[in-house]
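Reviewing the structure listed below.
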Amino acid sequence: MKSLESILANHPFFENLESKYMALVTGCASNVRFEAGQFIHRQNDEANSFYLIRQGKVALEVCPPGKKPVTVQTVTDGEILGWAWLVPPYLCQFDAQAVELTRAIVLDGKCLRTKCGEDHTLGYELLSRLLPIIGKSMEATRMQLLDVYGNND
Amino acid sequence: MKLPISDPMTPEPYIVKQFIRETHDTFSLDLFPKNISDSIAFQPGQFTMLYAFGVGEVPISISGPAPMQSGLIQTIRKVGKVTEALDQLKNGDTVGLRGPFGSAWPISAMKKRDIVVMAGGIGLAPLRPALYALFDQRDNFGEIALLYGARSPKDLIFTNEFKTWQEKFGIQVKVTVDTADSDWRGNVGVVTTSIPRVDFDPKNTVAMICGPEIMMKYSVAELKQLGVKEDRIHITMERNMKCAIGFCGHCQFGPAFICKDGPIFQYNQVKHFFGIREI
């Protein structure tokens, strides 16, 4: 059976992270599993968790009042769920629901924030890994807003 | 096999053998030449000019197998007067057709490579003949990945074929939509987010991309970042094609005419003009 540290080390997000930091991060981590349809968090929940998806699929949904929930993004194997744990006011922006059986590693966001505050090199490492993902997400959102497949009217 | 017409500006009558409803705004026509007995020679990626009598003419991608096995299949999205008229056709009706025209996906130059096929919206239509051509000689290629994005689940075309493509031809298929309600169990996100989700060796990959220009722009950027060479990325361009033989100049794109020199280009041939608003 693989140790938590080796699972984390093999996840693309933590690829090539220095071993001393890997040990620190592992201290904040545990395995979790979500059944299809189970909510992982709800909009405006405190964002105290950071998930690394090992296997499965999670939908990020918004709920316009009086309408069916709209899925704005799905995350899947090898990807991450959530960065609100790092940015004040530490509140979840979307509902996150498992679309299928999903196995993940959850990292305690508060614990990680504390460790990043104590060791800025670790903080820089994590931000360096998160920022490209946030950037891609913003780029994707812009493309979605452009509605590139819609009618040209 | 022979070309259907001697004068490329004269439409040839074609009979609608079958009208196929693909989605709420997209349909395919299975067309047979009225006066020609031979099948038509075309290559994957080429297009024809379809003429709705009394309404007008539009460039339409060929979406069926090459060489054609039964009729000439063309897939059309209803976006204007001519395509609205074509949407009203019934089995047995007649349309005018000129072509085929334009450049083709360079399938024979892709042997021994991994292939990434990226389609956005109705962009899957001109790529389907390329996929069929790859399937015909499947052993000559490495990994084949189809990344297909659309606006919403109801806008996806050819979905009934994906399972066969995966199981029979061993290709990776990743479908994603820009937005969906919570009934949709598939992926949500732009098509570029699917690139890291498939296996291929960027150093040995050829890519074929067809979709809105902005989708192609971001797709090319992602593939290049992974290490796919520019001269192995092929895109298909769209402009206002009228004559389809490079005479009228309506589809000029920098120094090229999309109808004659394209619609399929090696990315590095057009990259200097790509995304320039004045062009």
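Compute the angle between helix A:109-118 and the longest alpha-carbon principal axis of chain A, please, reported from 0 to 90 degrees and rounded to the nearest 10.
Result, in degrees: 50.
Relative to the longest principal Cα axis of chain A, at what angle does helix A:120-146 sit, 0 to 90 degrees, rounded to 10?
Once rounded, one gets 10 degrees.
Let me know the Kirkwood hydrodynamic radius for chain B, please, with Cα pairs as the basis and the value in Å to one decimal.
On the way: mean 1/r = 0.0523 Å⁻¹.
Hydrodynamic radius (Kirkwood, Cα pairs) of chain B is 19.1 Å.
Using Cα-only point scatterers and the Debye equation, what is log10 of I(q)/I(0) for segment B:9-124 at each q in 0.17, 0.20, 0.21 Å⁻¹, rounded to two decimals?
-0.83, -1.11, -1.22
Give me the dipole magnitude in Debye, nearest 20, for segment A:4-141 about the Cα centre, with unit charges on the beta carbon: positive for Lys and Arg, negative for Asp and Glu.
Numbers: 13 positive and 16 negative charges, 52 e Å.
In debye, rounded to 20, segment A:4-141 gives about 260.
Given labels modelled 7 Å from the Cα in the Cβ direction, how far is it in nm from B:Asp181 to A:Ala36?
In this crude label model, B:Asp181 to A:Ala36 measures out at 1.9 nm.
Rank these for me by crowding, B:Thr179, A:Thr71, B:Thr10, going from fewest to most other beta carbons within 10 Å.
Final ranking by Cβ density, sparse to dense: B:Thr10, B:Thr179, A:Thr71.
B:Phe141: net charge of surrounding residues, Cβ under 9 Å, Lys/Arg +1, Asp/Glu -1, itself excluded?
On the way: positive: B:Lys111, B:Lys112, B:Arg113, B:Arg138; negative: B:Asp114, B:Asp139, B:Glu143.
Residues near B:Phe141 contribute +1 overall.
What distance in nm separates the simple spin-label points at B:Asp136 and A:Cys63, each placed 7 Å from Cα in the Cβ direction?
Simple spin-label model gives 5.3 nm for this pair.
If R₀ is 56 angstrom, what is the calculated FRET efficiency for the pair A:Glu18 and B:Glu278, using the beta carbon separation as r and rounding to 0.05?
Given R0 = 56 Å and the Cβ-Cβ separation, E is 0.70.
Chain A: longest stretch without exposed trypsin sites (Lys or Arg not before Pro) (DSSP loop, at most 11 other Cβ within 10 Å), sites themselves excluded?
Numbers: sites that count: A:Lys2, A:Lys67.
Longest gap between qualifying sites, sites excluded: A:68-153.
Between segment A:1-59 and segment B:179-218, how many Å separate their Cα centres?
25 Å
Could you line up B:Cys248, A:Cys111 from fewest to most neighbouring Cβ atoms inside 10 Å?
Working: B:Cys248 14, A:Cys111 17.
If I rank by nearby Cβ atoms, fewest first, I get B:Cys248, A:Cys111.
Towards the positive end of the charge dipole of segment B:107-236, with charges on Cβ (+1 Lys, Arg; -1 Asp, Glu), say which of B:Gly189, B:Ile157, B:Ile171 has the farthest Cα.
Farthest along the dipole direction, towards plus: B:Ile171.
For the protein assembly as shown, what is the charge dipole size about the Cα centre, in debye to the nearest 20, if Lys and Arg each add +1 at the Cβ and Asp and Glu each add -1 at the Cβ?
That gives the protein assembly as shown a dipole magnitude of about 400 debye.
Treating only the Cβ of Lys, Arg, Asp and Glu as charged (+1, +1, -1, -1), what charge dipole size does chain B show about its Cα centre? Round to the nearest 20 debye. Walk me through the numbers before you get to the answer.
Numbers: 31 positive and 29 negative charges, 51 e Å.
Computed charge dipole of chain B: roughly 240 debye.
Could you work out how much longer the chain between B:Lys229 and B:Lys17 gets when fully extended? Use 0.36 nm per residue separation minus the Cα distance between them, nm to one decimal. Walk me through the intermediate numbers first.
Working: separation 212, 0.36 × 212 = 76.32 nm, distance 4.23 nm.
Here the answer is 72.1 nm.
What number, in nm² with one decimal, is the all-direction average of the projected area of the convex hull of the alpha-carbon atoms of segment A:71-135? All intermediate terms of the calculation are to be shown ahead of the outcome.
Values: hull surface 20.1 nm².
Mean projected area of the Cα convex hull: 5.0 nm².
Only counting other Cβ atoms within 10 Å, I'd like B:His234, B:His24 sorted with the fewest neighbours first.
Numbers: B:His234 23, B:His24 9.
Placing the least packed residue first, the sequence is B:His24, B:His234.
Based on the Cβ-Cβ distance from B:Gln266 to B:Ala41, what FRET efficiency comes out when R0 is 25 Å, to the nearest 0.05? Walk me through the numbers on the way to the answer.
Values: r = 23 Å, r/R0 = 0.92.
Working from the Cβ atoms, E equals 0.60.
Please report, in Å, the Rg and the Dmax of segment B:107-236, where both are computed over Cα atoms only.
Reported Rg and Dmax, both Å: 13.7, 42.
Pick out, from A:Val58, A:Tyr90, A:Phe14, the residue whose Cα sits farthest towards the positive end of the charge dipole of segment A:4-141, with +1 on the Cβ of Lys and Arg and -1 on the Cβ of Asp and Glu.
Going by the charge dipole, the pick is A:Val58.
Based on a Kirkwood Rh over C-alpha pairs, give the Stokes-Einstein translational diffusion coefficient of segment A:4-141 at 20 °C and viscosity 1.002 mPa s in µm²/s.
Details: Rh = 15.3 Å.
The Stokes-Einstein estimate is 140 µm²/s.
Within chain A, what's the longest stretch lacking GluC sites (Glu not before Pro) that sit in DSSP loops with no more than 16 other Cβ atoms inside 10 Å?
Details: sites that count: A:Glu15, A:Glu18, A:Glu35, A:Glu100.
Longest stretch, sites excluded: A:36-99.
Each reported figure results from applying straightforward, stated rules to the coordinates on display, with no laboratory input. Worth saying up front: this structure is predicted, and the values here are computed from it rather than measured. Note: ideal-geometry Cβ built from the backbone for every residue, glycine included; neighbour counts use all protein chains shown.
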